[in-house]
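As structure tokens, the structure follows; a few thoughts come after it.
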Amino acid sequence: MAPLGGETTWSYLCRLGAGYRMDSGVLLDGWRQVNRPARPRRGRATAVVVEVLFDEAGQELLQELCGIPRSTLARALPTWQQEPAAFAPAGGTPRTGPDGGRARGGSWPGGLEAGRVRFQDARTFGPVALACRLCTARRTGHPVHAVRYLPVWSRVCRRHQRWQSDAAPGHAGQPGWLDVAACPEIGHAQRRWPALARDAVGRGCDPRQAFALARTIVLRWWQQAPAWRAERIWPTRVHRLTHGTADSPETVRSASLRDAAVLPETIVLAQALTDPACIRLAHADHSNRPAGWGAGGRFVHHLGHRLNRPWLGPLLSVDYTSPLHAWIDTAAPPPTTPARPRCRAPVRPPTLTLPGRMVTARHPKVIRLETADLYLTRGAPCRPLRGHRMVISQRAP
């Protein structure tokens, strides 16, 4: 049984045990547990939050059980490349299995050494979501659930047009998927993201950070939409995603529904945050702050035109704690402070050349007086006037 692309190791282990008609707890008796799995939160499924890590001996044992080459497992399982040195020197306490047989950590038939396994939260390695159940059944032949590492911008199954949720079906009143066939803009935004990410990398920006910042800003707008009065796009999209059943506030506040509804705006905003033209507009508005942040700011006007949100300008003019303001303060250059007033330096008169090669930079009247003194003293140096200097050079005879 081959793993799915991006599947968690724990999900693959559960599917492998189901293929042998074994429970995952019985299958784990072949490994020595370093720690215990975390208890699932209320309203959550254990498969969503649990991930397992194996050392080298444990990876060899898993390879023998599934019959898949090690290179294939390394490409399919994202956590396979975790360093075995992360394990503690001392393993867990061995204990017998549920049937009172071999203790955990014993040797397997064929001389295989039992490795060690560590339980960890899967969300520490990245966002996780349920894989498309129809695609899993089509590939494996069994309608089972699988958990994959899926970022928010790749949650739509292109074949079946389903948004994969990060919550297990039947828990917390949320389904495992959303039908996005009635909202083609969500799938279109997901198809646009790879090209936008490559453009962002070419501009020297991190696409993941840009998407995370854009998602934070859009979620702030989602919360601060003025009672859905000026907003027309999101209510219509929510109505299509829920097929007209979004009457309760709990349905509107669903995390999966929210992430699916705001994905097109998040992609557009992430593109704007990495666009040099938009950054220049933001810098120009930042120099005229706070007047430039009102409804008449060029950056805000351009952003509202891109997102088709006419209420964006009035909202940003009063929301000074928005993450967008924080991004502008970080991205824009610091405003130049005006220089302190200084006394104006006196204008120096032009350099004069006299017949006696007397070069000076003083008033002509002072020059005439000093020249007369030199003539009367027959060239002997005289006492210079206070506050003045003279440079005298005689012609060569």
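The values are calculated or read from the model by the stated rules, or taken from the named source; none is laboratory data. Because the structure is a prediction, the values reported are computed rather than measured. Virtual Cβ from ideal backbone geometry, glycine too; neighbours counted across all protein chains shown.
Number of residues in segment 132-144 that are in contact (Cβ under 8 Å) with a residue 60 or more places away in the chain and surrounded by fewer than 18 Cβ atoms within 10 Å (Cβ to Cβ) equals 4. Every condition in (1) modelled with pLDDT of 95 or more; (2) out of contact with any helix residue (DSSP H, G or I) (no Cβ under 6 Å at 6 or more places or on another chain) holds for T266 except the one numbered (2).
Out of A168, A210, one residue alone is at pLDDT below 90, surrounded by 18 or more Cβ atoms within 10 Å (Cβ to Cβ) and small (G, A, S). It is A168. The residues of segment 21-38 that are in a loop (DSSP other than H, G, I, E, B) and either of a type in the set (S, T, N, Q) or free of Cβ contacts under 8 Å to residues at least 12 places away in the same chain (or both), listed by number, are R21, M22, D23, N35.
Is it the case that segment 302-311 has a residue that's in contact with an Asp or Glu (Cβ under 6 Å, 6 or more places away or on another chain), aliphatic (A, V, I, L, M) and either at pLDDT 90 or above or within 28 Å of W153 (Cα to Cα) (or both)? There is at least one residue in segment 302-311 that is in contact with an Asp or Glu (Cβ under 6 Å, 6 or more places away or on another chain), aliphatic (A, V, I, L, M) and either at pLDDT 90 or above or within 28 Å of W153 (Cα to Cα) (or both).
Of everything in segment 319-341 that is closer than 20 Å to A225 by Cβ and at pLDDT below 80, the residue that is surrounded by the fewest Cβ atoms within 10 Å (Cβ to Cβ) is Y320.
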